[in-house]
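Chemist: Once you've had a glance at the structure underneath, I'll fire off some questions.
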Amino acid sequence: MLNRGKIVRGLAAGLCALVLSACVLPAAAFAQEAAEAPVDISADGDAARIEGCAFAVQGFQRVQVGSNRPIDEVYQGYAYLLDGGQVVVVDTASYAVVYVPPEVAERFGISEGSASWDDMKRYASALDAGQASGAAKLADQEVWYLTTQQEYQVGQVVFRFDQELREGRFYTCIRGADGSDVKDAVQPLCADTFQVVAAKDAVIAAAAPPLQQLADFLGSIDYSPLWVTLKTTGVAIVFIFVLGLAAAYFTMRIPKRAQDIFDTIFTIPMVLPPTVCGFILLWCLGRNTAVGQWFIDIGFPLIFSWPATVIAATVVAFPLMYRSCRGAFENLDANMMDAARTLGWSNARIFFRLMIPLSWGSIAAATVLAFARALGEFGATLFLAGNYVGVTRTIPIAIYFEWMGGNTEVAWFWTAVILVFSFVVILLINLLGRRTTKYRQRSNQVKPPRGQSVRAQASDTDGGMASGEVQHES
């Protein structure tokens, strides 16, 4: 028979455990949650403070890409150009290394295992997440190392912090213990840098009302890419329009075999990647070529200047204009052209008074389409003109470099601008096509008059119809 005393004691022990789990454990969890106060991040995303923490963070920057080139002809490793005297966090594929200047670590008691060290990681993770722009986040890192030494070694990899390799320019470098290149092995993801200040000295900007935020955002944007893009595209479309019409007319008046050769030359920029077009243009017009040097001698350098953006946009968008115009000209009625010649019309008069009016629907649509292509040109422009703010930075280039710099909001703004332009372009093309279709339908309903007049009718590829009356004596 079971001992009743043991049963009673067992029930009492179970009841006590249940009470502890219901009361003590939630209290401990609440205490832990209360200990981890939220990170209060500034509205501009570069400062943060934690309630109860002795220090705060300001001036946060995330540097996405470093350089693996020698510095002053000496290989220093994979290097990030950063401000001196600040905390630096290097995030790699396997671990993160945090450098804290000795005076900062001593002032705020930052050491491994301390509460200050945990706060430091929370600061870095929260601010990094705000500027990651879709890239790998520091918060996902599981292995962290802390050092107050300017040289720190992890395995066979040496991290060197706060290195003044040039006067007034400080670098954080990563290389092998033997001085070798370890970039592919380490896979550096980014470098974060910030200042540590006393909590009372930190300035945490509060979020403004939504309308005020929008006004501040629009007021902070550099609008020079818009003006550079419109100026570039406006000038380029003039060249594209004239050259496209001239090339289409020229290829129709040469022998068939020559047509195939010139048609290939005029069309090939449309099928080549834009970067290939940019490389070829750079090779043909560079400073080391006779053409490029001649332009430099006359004081009009082409490469990495605003005219280079016009050249790149013209070359890339020209085939669209040429192909559409040639297709429209080829579908004109040859008998109508011959009839005009028998009346003594010159080729120039036939071109301007007959071919262009009959093909105007296709020409207008091709012009709008070429304008849109020139507006969105990126690869050839970057290759030939570079990225100079206010000079050669167009909207597509601005989107790329703003995103690379972590300015996702600005990149989205310029993306929205391009989307609006694209919508307007497609709408114009549709309206032109609809107008031309209606014109063709009305023209098809017109019957040739009886009597002494004969009407020569012709239609172009986009459906346009024109009538030219030739009088004959009865």
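The values are calculated or read from the model by the stated rules, or taken from the named source; none is laboratory data. The structure displayed is predicted, hence computed values, not measured ones. Because the Cβ atoms are built from the backbone with ideal geometry, glycine has one as well, and the counts that use them run over all protein chains shown.
Chemist: Taking the stated definitions as given, is residue 115 of a type in the set (A, V, I, L, M) and in contact (Cβ under 8 Å) with a residue 40 or more places away in the chain?
Modeler: Spelling it out, it is not the case that residue 115 is of a type in the set (A, V, I, L, M) and in contact (Cβ under 8 Å) with a residue 40 or more places away in the chain.
Chemist: Here's another thing I want to ask about it. Test residue 356 against the stated conditions and say whether it is more than 21 Å from the chain's Cα centre (by Cα), among the β-branched types (Val, Ile, Thr) and part of a helix (DSSP H, G or I).
Modeler: Against the criterion (more than 21 Å from the chain's Cα centre (by Cα), among the β-branched types (Val, Ile, Thr) and part of a helix (DSSP H, G or I)), residue 356 qualifies.
Chemist: Let me ask you something else. So if I check each of 135, 93, 105, 139, which one is within 19 Å of residue 36 (Cβ to Cβ) and among the hydrophobic types (A, V, I, L, M, F, W, C)?
Modeler: Values: 135 fails: within 19 Å of residue 36 (Cβ to Cβ); 93 fails: within 19 Å of residue 36 (Cβ to Cβ); 105 fails: within 19 Å of residue 36 (Cβ to Cβ).
The unique qualifying residue is 139.
Chemist: Something else about it: Just to be sure I understand the filter: pairs with C-beta atoms under 6 Å, separated by 6 or more residues or on different chains, first member in region 297-316 and farther than 12 Å from residue 233 by Cα, second member aromatic (Phe, Trp, Tyr). Which pairs pass?
Modeler: If the second residue must be aromatic (Phe, Trp, Tyr), the pairs left are 301/295; 302/295.
Chemist: May I ask you to verify whether residue 349 is farther than 22 Å from residue 231 by Cα and either assigned to a helix (DSSP H, G or I) or charged (D, E, K, R) (or both)? Steps first, answer last, please.
Modeler: Numbers: farther than 22 Å from residue 231 by Cα: yes; either assigned to a helix (DSSP H, G or I) or charged (D, E, K, R) (or both): yes.
Spelling it out, residue 349 is indeed farther than 22 Å from residue 231 by Cα and either assigned to a helix (DSSP H, G or I) or charged (D, E, K, R) (or both).
Chemist: Filter region 288-317 down to the residues that are out of contact with any Leu (no Cβ under 9 Å at 6 or more places or on another chain) and assigned to a loop (DSSP other than H, G, I, E, B) and list them by number.
Modeler: Selection gives 288, 289, 298, 299, 300, 301, 305.
Chemist: Additional query: Tally the residues that are part of a helix (DSSP H, G or I) and of a type outside the set (Phe, Trp, Tyr), restricting the search to region 109-149.
Modeler: 18
Chemist: Oh, and also: From 203, 196, which residue is part of a strand (DSSP E or B) and hydrophobic (A, V, I, L, M, F, W, C)?
Modeler: Testing whether each residue is part of a strand (DSSP E or B) and hydrophobic (A, V, I, L, M, F, W, C) leaves just 196.
Chemist: Return the only residue of 69, 62, 49 being modelled with pLDDT of 90 or more, exposed (fewer than 15 other Cβ atoms within 10 Å of the Cβ) and not in a helix (DSSP H, G or I). Explain how you work it out, then say what you get.
Modeler: On the way: 62 fails: exposed (fewer than 15 other Cβ atoms within 10 Å of the Cβ); 49 fails: exposed (fewer than 15 other Cβ atoms within 10 Å of the Cβ).
From the options 69, 62, 49, the qualifying one is 69.
Chemist: Any idea which of 89, 39 is under 23 Å from residue 204 (Cβ atoms), surrounded by 13 or more Cβ atoms within 10 Å (Cβ to Cβ), at pLDDT 95 or above and not acidic (Asp, Glu)?
Modeler: After ruling out the rest, the residue left standing is 89.
Chemist: Considering only helices (runs of 4 or more DSSP H) fully contained in region 363-474, which possess at least 3 residues that are at pLDDT below 75?
Modeler: 408-444
Chemist: Quick check on residue 184: is it surrounded by fewer than 15 Cβ atoms within 10 Å (Cβ to Cβ), closer than 30 Å to residue 82 by Cβ, charged (D, E, K, R) and at pLDDT 85 or above?
Modeler: yes
Chemist: Can you name every residue in region 357-402 that is of a type in the set (Asp, Glu) and either surrounded by fewer than 24 Cβ atoms within 10 Å (Cβ to Cβ) or touching a His at 6+ places or on another chain (Cβ under 7 Å) (or both)?
Modeler: 402
Chemist: Take the residues of region 45-55 that are touching a Phe, Trp or Tyr at 6+ places or on another chain (Cβ under 8 Å) and not acidic (Asp, Glu): which is farthest from residue 134 (Cα to Cα)?
Modeler: Here the residue is 54.
Chemist: Kindly indicate which of 119, 83, 140, 192 is touching a helix residue (DSSP H, G or I) at 6+ places or on another chain (Cβ under 7 Å) and within 25 Å of residue 49 (Cα to Cα).
Modeler: Result: 192 is the single residue among 119, 83, 140, 192 that is touching a helix residue (DSSP H, G or I) at 6+ places or on another chain (Cβ under 7 Å) and within 25 Å of residue 49 (Cα to Cα).
Chemist: Residues in region 252-287 that are over 30 Å from residue 355 (Cα atoms) and not in a loop (DSSP other than H, G, I, E, B): how many?
Modeler: Residues in region 252-287 being over 30 Å from residue 355 (Cα atoms) and not in a loop (DSSP other than H, G, I, E, B): 12 in total.
Chemist: Conditions: (1) more than 18 Å from residue 43 (Cα to Cα); (2) without any contact (Cβ under 8 Å) to a residue 60 or more places away in the chain; (3) among the acidic types (Asp, Glu). Residue 192 meets all but one. Number of the miss?
Modeler: Among (1) more than 18 Å from residue 43 (Cα to Cα); (2) without any contact (Cβ under 8 Å) to a residue 60 or more places away in the chain; (3) among the acidic types (Asp, Glu), residue 192 violates only (2).
Chemist: Still on this structure, I have one more. Being in a helix (DSSP H, G or I), at pLDDT 95 or above and not aliphatic (A, V, I, L, M) narrows it down to one of 217, 239, 161, so name that one.
Modeler: 239
Chemist: Which of (1) of a type outside the set (A, V, I, L, M, F, W, C); (2) on the phi < 0 side of the Ramachandran plot; (3) touching a Gly at 6+ places or on another chain (Cβ under 8 Å) is the odd one out, the single condition residue 133 does not satisfy?
Modeler: So residue 133 meets the others, but not (2).
Chemist: Right, another one. If only one of 194, 239, 170, 159 is under 27 Å from the mean Cα position of the chain (by Cα), surrounded by 15 or more Cβ atoms within 10 Å (Cβ to Cβ) and under 27 Å from residue 110 (Cα atoms), which one is it?
Modeler: None of the other options fit; the residue is 194.
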